[in-house]
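These notes concern the structure reproduced below.
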């Protein structure tokens, strides 16, 4: 089976396609000065773009893991999530508090989607 890597960088690949699945690397906001809601909206736009590049979309998300630098940002993060979410095709989701690589990052997201 073929492995396809989208948006390879120095240490990781933005998404890897294998066996009918798209595995998303941890996505963080391009603008770390945004609040948690703004960072999440930025991340979700990146997810949309990666999924489109892979030939699928958010309705095919199977699972998502969200990492928050501070759980007090949960409501703000959820505002962006709720505005973006496909209500008919909600993925399994876990949200945890974690120390992120850059102290300015409030949110990081990774997930798995099925191809069309």
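Each value in this text was obtained by applying a stated rule to the coordinates, not by laboratory testing. These numbers were taken from a predicted model, which means no experiment stands behind them. Note that we place each Cβ from the backbone using ideal geometry, even for glycine, and neighbour counts take in every protein chain shown.
The relative contact order of the stretch 4-114, computed from alpha carbon pairs under 8 Å that lie at least 6 residues apart in sequence, is 35 percent.
Spin-label model, residue 18/residue 4: points 7 Å from Cα along the beta carbon direction are separated by 1.6 nm.
Compute the helix-to-body angle for 74-84: its Cα long axis versus the longest principal axis of the chain, expressed 0 to 90° and rounded to tens. Between the helix axis and the principal axis of the chain, the angle is about 40 degrees.
Among 69, 36, 98, the residue with the largest mean-square fluctuation in a Gaussian network model of the chain, with springs joining Cα atoms closer than 10 Å, is 98. Among 12, 21, 100, the largest mean-square fluctuation in a Gaussian network model of the chain (Cα springs under 10 Å) belongs to 12.
Treating the angle as unsigned and between 0 and 90°, give the value, to the nearest 10°, between the Cα long axis of helix 36-54 and the longest Cα principal axis of the chain. Result, in degrees: 0.
Taking other C-beta atoms within 10 Å as the exposure proxy, 58, 90 rank 90, 58 from fewest upward. Spin-label model, residue 89/residue 101: points 7 Å from Cα along the beta carbon direction are separated by 2.9 nm.
Estimated purely from DSSP H runs of n ≥ 4, each contributing -39500 (n - 2.57), the mean residue ellipticity at 222 nm for the chain is -8500 deg cm²/dmol once divided by its residues.
Result for the chain in a Gaussian network model with C-alpha springs under 10 Å: among 87, 60, 79, the largest mean-square fluctuation is at 87.
Restricting attention to the stretch 4-114, close to 80% of DSSP beta bridges with both partner residues there are antiparallel. Computed over the stretch 4-114, the P(r) tail beyond 21 angstrom holds 31 percent of alpha carbon pairs.
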